[in-house]
Amino acid sequence: MSGKAIIEILGGLANVVIVLIVAPFFEGVLRKLTARIQSRQGPPLWQPYYDLLKLLGKEDIESGESPPMQRFAVYLSFAAIMTVACLVPFGSHAPANSIGDVLVLIYLLTLCGIATMLAGLAAGSTYSLIGMNREMMSLITLEPLLVVAMVIGAIHVHSFRLDQVLAGSVYAAAGFPWSGLIMLGVMLVSFQAFVQRVPFDIAEAETEIMEGPLMEYSGPKLALFKYVQMAKLVIYSALFVALFIPWGHTGLYPLDVLIHLAKCLVMVLGVTWVAATHARYRMDQAIRFYALLLGISVIALGMAVYGY
Amino acid sequence: MPAHKIIERLKDQFGVAIQRADLPGNGRLFVFVDSAALKSICRFVFRDLDARYVTSIGSDDRPYSDSFLVAHHFAFDRTGLLCSLLTHLTGNPPKVDSISKEVPAANWAEREFRDLLGIEPVGHPYPKRLVLPDGWPEGKHPLRKDVAWNYVPEGYDEDREFAFDEPPEGCMVIPFGPFHPTLDEPAHFRLYVEGEMVRGCEYRGFMAHRGIEKLGESVLTYNEIPMAAERICGICGCVHNVAYAQAVEQAAAIKPPPRAEYIRTIMLELERLHSHLLWVGLACHIVGFDTLFMLSFRIREPLMWMAEKISGNRKTYALCLIGGVRWDFTAELKAELQQVLLKVEQEWRAVVEAVAGDRNLQKRTLGIGVTSPELVKNVGLIGPVARAAGVDIDCRRDHPYAAYDRVEFKVITGTGGDVWSRLLVRAQEVFESIRIIRQCLEKMPEGPLQLQLPDELPIGRMGMSSVEAPRGEAHHFVITGENNRPRRWRVRAPTYQNLQGIPAMIKDQQLADMTISLGSIDPCFSCTDRMEIVDIRSGKTTVYTQEELREMARRKVL
Amino acid sequence: MSLLSKFKETLICLRAGKVTLPYPRQARPLPERFRGRPLFDAMKCIGCAGCANNCPAREILVYDVCQEVRILKYLGRRCTYCGRCADVCPEKAITMSKEFENATDQIGDIQQQLDLFMSTCQRCGRCFKEPGPLEQLQMKGYRADDLGKERWIYRSKAYLESQPEVDDIKIELD
Amino acid sequence: MLKNLCQKMFGRSLWVYHANSGGCNGCDIEVLNVLTPYYDVERFGIKLVGSPRHADVMLCQGPALRSTAKALKRAYEAMPSPKLVFAIGSCASGGGLWYDTYNVIGPVDKILPVNFYIPGCPPRPEAIIYGVAVAVGLVDKKTSPVKIKQLELPIPRYHPDQLSGEGELVVYEKAEKV
């Protein structure tokens, strides 16, 4: 094994560790900030760690339609998100470059959504199935947005390599190309949907369908799902930052990681504010909204192809 | 239309079928009619005289007159008259003509006396069990006088399941409740859903039926019942408390001292304030808007503290006794209340202004759960639900009680009839309530709080009282009796009527709108159920098979 | 427009700052009229059972264990804290205290039991002279079921005879 | 070791499921109130969840009714252990005014094992927080049964030699608070 491969693997592992450590912290920040917006004191910052630990120590009731599939869905979802973590740049550039390219990243992200759907299907109660249904609909209309954003980047840099695409590639062609700016806008307004927070947490709406697909899960399985949810927040923020806010690298790895995480934190703050001040949309409204965005992004794609 | 005119018209129309009419004064009318003509008289009153249906009451009168009693209550809102059409039933088992076909709003009330008293409404379109628990055997009726309050019949079977109707063709069934995060109280809806569209529902509620009426008729005494009445509902408890006290006072021809009336008015409005703020919070919580939920609860909290200072408890004020109130206002309390009101008014005005332009919130509420004035009339919807549909009814103005005839206020009406206009109506009513309290504080006369009552209240007299609860009109009916307790006490809570409008409201709507539509009537199941959806979501109730669902999901996506 | 109202809403919330009360560490002063757990004063109680007969929750039980000793038992578990017992008590032996921190893992912890010594009239066997506090109670809407029968049967006593065990709490009748 | 840690975390992150089995709504609203800015129990890590599968604590409000007893039991069984049950309010802990009517089974502890009782009608938000604090171990419970008992029959007829004080005061010198 060459030294380069070892560095890549080490970099990927470092990413996984960062995500595992930082994800609950970001969630804690989110909850604390939400509380302060609502004039409350709020939970301690490390509350999500407590929650996860407690869930790990609880009894695991296997009650759904097919327990093996439920177990599989949990591990699949967790594994997929951790693999994604290997591929996303925290710091200077994407570490596990030779493992996969942008397309693999997109597949893996889709796999996360599919795992959630599987979880809902395996649980098999009415509300889980409704949640699964909604998850599927949003997956199908939402995921293309990310694809288009990445593809625009890839067009600009003429490559699908991770380290080239996930480094502000959308602006690569000529300063600030129109397509990149349009995609920035589109991704900004749809970011809430990717991380599945209010107003787009339709598939997991607590007051409507009681966390939908996750309703039947308890104990360690729920802990893993919650972890995945928290990790999604970090990873999508990291992706967004890598694609659209690539500036401010120093070249020093630890410092770069901190800078990157700080940028992610800013994204989380934005997510918090939007989540705190919005009412949940209905599925059809959300789908209509995604479709509009998809239309705009396709136009952006066309512009990118012609070099704008 | 004044009372004597109504009697004249009834006499013209029905002649000897009108047996007797009592006019105890101050806007009450009791007409005893022949049971055979009851149905046509009800239709005449409801359709031709354009009265509003209030409720139907069954009573076991056998120990006193060897017959059962059925009363249909109507309200003439323009003239401020509450009218009761009573009839005695001698048959065994007792039978009465159902009026549900003519007056759709009477549906539940008739099913209720069928359950609890065994009075059979002949020709009822949907004679299904409503109130009693699933395992209760047929033919046993807890509200009859020969049955003790704690009597559980022999054939009680805990495991019996409720027989739900068959869902319509092509629809899947989604159980909603009894424990659901948007429902504070147990109730069970079976939604018939086609895709994400709700096509219909069946309600199996009355899960909080605690037998309060039976308790009041057989165990508690006149002055204990206010405390029980208050616990009919934890949010609008004071309303029931006052309504009960007023019904008894009216039956016994007692007039409470004016200071007591003003204090009742203030506490009722204080309750309306906190209830409306609470509703706005809960409605926002249902659509996932937690900041506004927290905000309105924060604004509401000083009101709760104020209530605690005045009455000693945050919710259950234990305010009324027969002939007066228990808690007085001191000068300090008055000043403090003024300050709290000022603060609430300022903050709430800012919130209302901010929310008025909130497109995001409007998206979830505009055009959702629409009610038309026809539906309001037919199903007997009341309170903010009716007012939001443009029907101008308000018991405070139409049937003035306590000190409402001495204060000025505006009845807020909306136009849309949807959730958004209900929200606006409630938000505006907060300001009116504040205005009423201020006027009361200003005008409150000095004087005693409580009357010295005679040893025994008159026996066999009837009284009814309508009080405008935050959710609509709460109606209490009392027949006074021996042993220092009423012979019959019937409560009609506002949600009892409003809930009957839900199937029409949620029909052909998105599943996601179901919760907010239901929330928008400010449902209070405990009120409704006083004295009854049965599947917990974790229990596996896949009514249709999983393949079907998968198939459905696939069809949806492709 | 919508965004503007969102900002306004946020501003209203933020302007209030943090309002959370530091409750378990420091309690808010309780209002003067607060109705907490009723406290029974054995010094003042005359055993008239007015409280038992006016309690909507029917949870104050009064019964005699012998000619001279009467027991007043307050179960507490279903008390509604309405304060009627304190209202009707002719001797003001019941006060609504300001105790609200009654949470417990043993429901029996909120019981109160008084053993009262009753000196009976040698002639009629009753404890009070004719126009006693009971007549006052009656005027306030006092229940009159058994008074007419010249018998001193309290509702709770009648209840006890049929069921000597009240919610797991065994009541010693003799 | 991890298991130990997990168990220790139980008290710091109580997820609460509230089940109203037919009470009057007052306690529900007070429970909701506990989440709102002035009381904010989220600072103790308490969160309201919608599904009993996610819950650690069940807050029971309202008496056990015949119509809801089955559903309540099922919800309890759906909760993963370790689990606690709180009975909030007079109805849940004692059955309320209607503890013996035809549709009421009685207090919740007749059908579920209740760990903590929070009496009150409705309990103030502070009382609920106090109950939670007792459960978590932040504070000690304050209540204990009061029993004031006659040791001896104090009338001179029975014990003339014991009559030391004046009138009835004697009686209560011989009474003791248990």
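Annotation: the residues B:Tyr496, A:Tyr50, sorted from fewest to most other C-beta atoms within 10 Å of their own C-beta, follow the order A:Tyr50, B:Tyr496. Computed over the stretch B:143-294, the alpha-carbon pair-distance distribution with 10 angstrom bins reads 9, 23, 28, 25, 14, 2, 0, each value a whole percent.
From the C-alpha coordinates alone, can you work out the Kirkwood hydrodynamic radius of the stretch C:31-106, in Å? Over the stretch C:31-106, the inverse of the mean reciprocal pair distance is 13.0 Å. Extents of the stretch B:232-324, largest first, come to 50, 24, 17 Å (Cα atoms, principal axes, whole angstrom).
In this calculation the C-beta distance from C:Ser2 to A:Leu45 is compared with R0 = 25 Å, giving a FRET efficiency of 0.20.
Candidate cross-link partners of D:Lys83 among the lysines, defined by an alpha-carbon separation under 21 Å and a same-chain spacing of 8 or more, comprise A:Lys54, A:Lys58, A:Lys221, A:Lys226, D:Lys3, D:Lys8, D:Lys47, D:Lys70, D:Lys73, D:Lys110, D:Lys141. Shown for the stretch B:212-499 is the translational diffusion coefficient from the Stokes-Einstein equation, using the Kirkwood radius over Cα pairs, a temperature of 4 °C and a viscosity of 1.567 mPa s: 67 µm²/s.
Note down the relative contact order for chain A as a percent, whole number, built from C-alpha pairs under 8 angstrom at least six residues apart.
Relative contact order of chain A: 27 percent.
The lysines within cross-link reach of B:Lys101, meaning a Cα-to-Cα straight distance under 22 Å and a gap of 8 or more places when in the same chain, are B:Lys39, B:Lys128, B:Lys377, B:Lys507.
Work out the FRET efficiency for D:Lys110 and B:Arg349 from their Cβ-Cβ distance, taking R0 = 41 Å, and round it to the nearest 0.05. According to the calculation, E is roughly 0.25. How large is log10 I(q)/I(0) at q = 0.15, 0.18 Å⁻¹ when the Debye formula is applied to the Cα atoms of the stretch A:1-123, each weighted equally and without solvent? Each listed q corresponds, in turn, to -0.91, -1.09. Taking label points 7 Å from Cα along the Cα-to-Cβ direction, B:Phe32 and B:Gln452 give a separation of 3.6 nm.
How much space per residue, in cubic angstrom, does the convex hull of the C-alpha atoms of the stretch B:3-159 take up?
On the way: hull volume 19.0 nm³, N = 157.
Per residue, the Cα convex hull of the stretch B:3-159 comes to 121 Å³.
Annotation for the stretch A:238-268: chymotrypsin sites (Phe, Trp or Tyr not before Pro) lying in DSSP loop with at most 10 further Cβ atoms inside 10 Å of their Cβ are A:Trp247.
D:Asp140 to D:Met1: FRET efficiency via 1/(1 + (r/R0)^6), r the Cβ-Cβ distance, R0 25 Å, to the nearest 0.05?
Numbers: r = 29 Å, r/R0 = 1.17.
The value I calculate is 0.30.
At q = 0.22, 0.29 Å⁻¹, what log₁₀ I(q)/I(0) does the stretch D:18-70 have when each alpha carbon counts as one equal point scatterer in the Debye sum? Those come out to -0.90, -1.18, one per q.
The ratio of the alpha-carbon radius of gyration of chain A to the globular-protein estimate 2.2 N^0.38 Å is 0.98. Taking the C-alpha atoms only, the angle from helix A:67-87 to the longest principal axis of chain A is near 30 degrees. The share of Cα pairs per 10 Å bin across chain B, counted from zero up to the longest distance, runs 3, 18, 28, 27, 17, 6, 1, 0 percent. What's the whole-number percent of alpha carbon pairs in the protein assembly as shown lying beyond 60 angstrom? Here the tail beyond 60 Å accounts for 17 percent of pairs.
Eigen-decomposition of the gyration tensor built on the alpha-carbon atoms of the stretch D:1-151 gives equivalent ellipsoid semi-axes of 24, 20, 16 angstrom, largest listed first.
Between A:Ile9 and B:Leu23, the simple label model (points 7 Å from Cα in the Cβ direction) yields a spacing of 10.0 nm.
Using the rule -39500 (n - 2.57) for each DSSP H run of four or more residues, divided by the residues of the protein assembly as shown, the 222 nm mean residue ellipticity is -14000 deg cm²/dmol. The modelled label-to-label distance for the pair C:Leu11/C:Asp41, using points 7 Å beyond Cα in the direction of Cβ, is 5.7 nm.
No lab work stands behind these numbers, since they all come straight from the coordinates. Everything numeric in this text was worked out from a predicted model, so none of it was measured. Ideal geometry is used to build each Cβ from the backbone, glycine not excepted, and the neighbour counts take in all protein chains shown.
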